[in-house]
Amino acid sequence: MSTRIEGNAAEEWRANWPIVLAAAAGYGVASIVSYSSSIFIEPLQAEFGWSRAQIMSGHSIAALAGAIFAPFTGLAVDKFGPRRLGIFAIIAMCIATALFGLAGPDINMWRLLWLPAAFAIVLVQPSVWTAAVTSVFSAGRGFALAVMLCGGSVASIITPQVSNFLIDDYGWRLAFAGLGAFWAILALPLVYFCFSSALDKERLSSAPKIIAAKVRQESVWKSGILTRRYIQLLVAAVGIAAVVVTLVISLVPVLSANELSRASAVNIASMVGLSAIVGRLSIGLLLDRIHGRFLAAFASLMPIVAILLLIYNPGSAFAASAAVLILGLSFGAELDIIAYLTSRYFKVTHFGLLFGTIAGCLGLASGNGPVAISAVYDAQQSYHPALWTMIPICLVAALLFLLLGSYPEAAESDVEI
């Protein structure tokens, strides 16, 4: 059940902690739209009279673009390195967020504004940030990925509160612009000055282009992308993401529909970030000691407890808080585990392509999930039918993770940097 990876984690951290910090900031920017969209639902409904499904339909556009183009983003990361993509992605994401403030009463104009966001989301894929971290960490990779992905957890705490404050004080239009500016100021300097990877360092040095040459020599089809194990990992990852990310994105309306006030729902929903940080750091430490497939199965089962708490305790702030904390633990562990498993079961030289493809499919699932759950609410005036559907999905995902088997030998799945 345990696994040990050769290397010195302390030395890796001393040499590369600025990369983790910058990648965390970049990953936080990647989640701006996800964590703010539910806060803008009620102001947009009041302004234009749109349904919740219509407002969330933009996520489907972005998710489709991400699913189609994420593998190409991953290939670009493998070939050119994450740094240049990361800097441009931050700028594009912040501008796209600000442009939402131009929305008018025509729902098609709202959907049109999602095209720049879709372009930015393609560039700001998780594979950009995780590829940099996995390239410079081996023995401490699990914890390094966890710290990096905490950037998303911090964003889940900050973004809803900043969005709510800006909407209340300046209106929803200026709130979009303010949100983009806030994250640009916070993240862009860190990414510009600190973000790099093994491939970026090699590109800037006079050393032989060993890594790039190795990637060119190996066919993409030999990366493992068509193997049973990869497809199994992909399906399990999409299943748990469809549940966890959909619930996290939709927390405020789900809690409001569960007989809680909007203010209480916002405050309780913000707890998911703290819980996710705890989950990510705990899982990160455990990944360097316990086989990831067991941790993945456990994380896949946790949302079931949260769902049952919400269904059987309407109006209870205590039950809602417990559900959000449990959901946050699973949410914190989910992407960390999937990135780690990808880097251990397959070659790091193809990590951008392999994890980029998974991330694109995760984006498709998590982008359409909020639309689907909102459509269920519009039809049933309740989220409970959707919540019941999520339970068997969690069970299947847990089983698929368990059946992945042992890691290949390090020489087969890793690469010396």
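The values are calculated or read from the model by the stated rules, or taken from the named source; none is laboratory data. On a predicted model such as this, the values are computed, not experimentally measured, just so you know. No Cβ is skipped: glycine too gets one built from the backbone with ideal geometry, and neighbour counts run over all protein chains shown. For accessibility, only protein heavy atoms count, side chains too; no ligands or nucleic acids. Shrake-Rupley method; radii C 1.70, N 1.55, O 1.52, S 1.80 Å.
A Cβ distance below 7 Å, combined with a sequence gap of six or more or placement on separate chains, defines the contacts here; from the range 284-309, residues that are within 16 Å of Ile338 (Cβ to Cβ) and in contact (Cβ under 8 Å) with a residue 24 or more places away in the chain reach residues that are of a type in the set (S, T, N, Q) and part of a helix (DSSP H, G or I) in the pairs Ala299/Ser330; Met302/Ser330; Pro303/Ser330.
Just to check your reading of the model, which residue among Val238, Val278, Val248 is open to solvent by 50 Å² or more (accessible area, probe 1.4 Å), not in a loop (DSSP other than H, G, I, E, B) and not hydroxyl-bearing (Ser, Thr, Tyr)?
Working: Val238 fails: open to solvent by 50 Å² or more (accessible area, probe 1.4 Å); Val248 fails: open to solvent by 50 Å² or more (accessible area, probe 1.4 Å).
Of the residues listed, the single one that is open to solvent by 50 Å² or more (accessible area, probe 1.4 Å), not in a loop (DSSP other than H, G, I, E, B) and not hydroxyl-bearing (Ser, Thr, Tyr) is Val278.
A single member of Arg173, Arg203 is open to solvent by 50 Å² or more (accessible area, probe 1.4 Å), assigned to a helix (DSSP H, G or I), over 30 Å from Ala320 (Cα atoms) and at pLDDT 90 or above, and it is Arg173.
Of all residues assigned to the range 234-257, none qualifies as being over 22 Å from Ala372 (Cα atoms) and either out of contact with any Pro (no Cβ under 8 Å at 6 or more places or on another chain) or modelled with pLDDT under 85 (or both).
Scanning the range 306-330 for residues being of a type in the set (Gly, Ala, Ser) and within 23 Å of Leu295 (Cα to Cα) gives a total of 5. Counting only helices (runs of 4 or more DSSP H) wholly contained in the range 44-141, the ones carrying 3 or more residues that are closer than 30 Å to Tyr377 by Cα and open to solvent by less than 10 Å² (accessible area, probe 1.4 Å) occupy 52-80, 82-99, 114-123. Scanning the range 251-274 for residues that are crowded, with 20+ Cβ neighbours inside 10 Å and touching a residue at least 60 places away in the same chain (Cβ under 8 Å) gives Leu251, Val252, Pro253, Val254, Leu255, Asn258, Leu260, Val266, Ala269, Ser270, Val272, Gly273.
Given (1) open to solvent by less than 30 Å² (accessible area, probe 1.4 Å); (2) within 30 Å of Asn8 (Cα to Cα), where does Ala397 come up short, assuming only one miss? Checking Ala397 against (1) open to solvent by less than 30 Å² (accessible area, probe 1.4 Å); (2) within 30 Å of Asn8 (Cα to Cα), the one that fails is (2).
Filtering Ile157, Ile167 for residues that are open to solvent by 20 Å² or more (accessible area, probe 1.4 Å), part of a helix (DSSP H, G or I) and at pLDDT below 85 leaves a single hit, Ile157. Within the range 339-354, being among the aromatic types (Phe, Trp, Tyr) and either modelled with pLDDT of 85 or more or more than 19 Å from the chain's Cα centre (by Cα) (or both) holds for Tyr340, Tyr345, Phe346. Is at least one residue of the range 359-382 surrounded by fewer than 23 Cβ atoms within 10 Å (Cβ to Cβ), part of a loop (DSSP other than H, G, I, E, B) and at pLDDT 85 or above? Yes, the conditions are met somewhere in the range 359-382.
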